[in-house]
Amino acid sequence: MKNKIAKTILGAIAAATGFACAQTAPQNSELVNKWKDRNMYSIKATSLDGAPADLSQYQGKVVLVVNVASRCGFTGQYAGLQKLYETYKPKGLVVLGIPSNDFGGQEPGSEKEIKDFCSTKYAVTFPMLSKEQTKAGPGQSEIYEFLGTRTGKLPGWNFSKYLVNKEGQPIAFYASTVAPDDKALVKAIEQSLGITTPAAPAEQKPADNSLVK
């Protein structure tokens, strides 16, 4: 009941302020040419621990990219993201958290503070990258430059989500208000992983005994 009320409140705030909507990503020939023959798995980044993180390690997997923050009204989605990761990791899903302080200054901490918060508060085990800029302009993460160029959308607030297929191409964008257990999101993940839902068994009709004497 509490979760339902919280979702309703957040949804109402989002509708009133527009903070959870996507931003329009710049579209120009320079960006299009830069990324036309590349995918997300060609990008190199840095992990939350400061080590190099070559995204090619996720080639052949389905990745859910999420711009996370520790002091946001949506921060509780960490629990759902972790559950999603644990459920579908054996099938090839990676949840990739990317901290960002772009919206409301809600991720002001250092990488160590972010890691400690995620591990102690939500027992996060999915991979996390270093803090990045999602917004367009100087300093923007190449990951978000690529995703924005491909989809035409950039996060409008924390906990926006991109679903990236096994070939490293984004196939869907989800706003902050879309929870990790959202049915449409889960269905898209399963389809991308090649998980087929068994058809419901046909209803067996009762035997016709009308001719039995």
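The values are calculated or read from the model by the stated rules, or taken from the named source; none is laboratory data. Being a predicted model, the structure only gives us computed values, none of them experimental. Note that we place each Cβ from the backbone using ideal geometry, even for glycine, and neighbour counts take in every protein chain shown.
Filtering VAL68, VAL62 for residues that are crowded, with 20+ Cβ neighbours inside 10 Å, more than 19 Å from ASP102 (Cβ to Cβ) and either modelled with pLDDT of 95 or more or in contact with a helix residue (DSSP H, G or I) (Cβ under 6 Å, 6 or more places away or on another chain) (or both) leaves a single hit, VAL62.
Can you list residue pairs whose Cβ atoms sit under 6 Å apart, with the first residue in the stretch 127-150 being at negative phi and the second being of a type in the set (D, E, K, R) and assigned to a helix (DSSP H, G or I)? Count only pairs 6 or more apart in sequence or on different chains. Note: pairs meeting the criteria are SER130/GLU111.
From the list ASP37, ASP54, the lone residue that is over 21 Å from GLN133 (Cβ atoms) and free of Cβ contacts under 8 Å to residues at least 12 places away in the same chain is ASP37. All of (1) free of Cβ contacts under 8 Å to residues at least 24 places away in the same chain; (2) within 15 Å of the chain's Cα centre (by Cα) hold for ALA79 with one exception: (1).
Summed over the stretch 82-118, residues that are under 14 Å from the mean Cα position of the chain (by Cα) and touching a residue at least 60 places away in the same chain (Cβ under 8 Å) total 4.
Considering the stretch 136-188, and only residues there that are β-branched (Val, Ile, Thr) and in contact with a strand residue (DSSP E or B) (Cβ under 6 Å, 6 or more places away or on another chain), the residue that is nearest to LYS61 (Cα to Cα) turns out to be VAL164.
Return a yes/no flag: does the stretch 29-36 have any residue that is of a type in the set (A, V, I, L, M) and at pLDDT 90 or above.
Yes.
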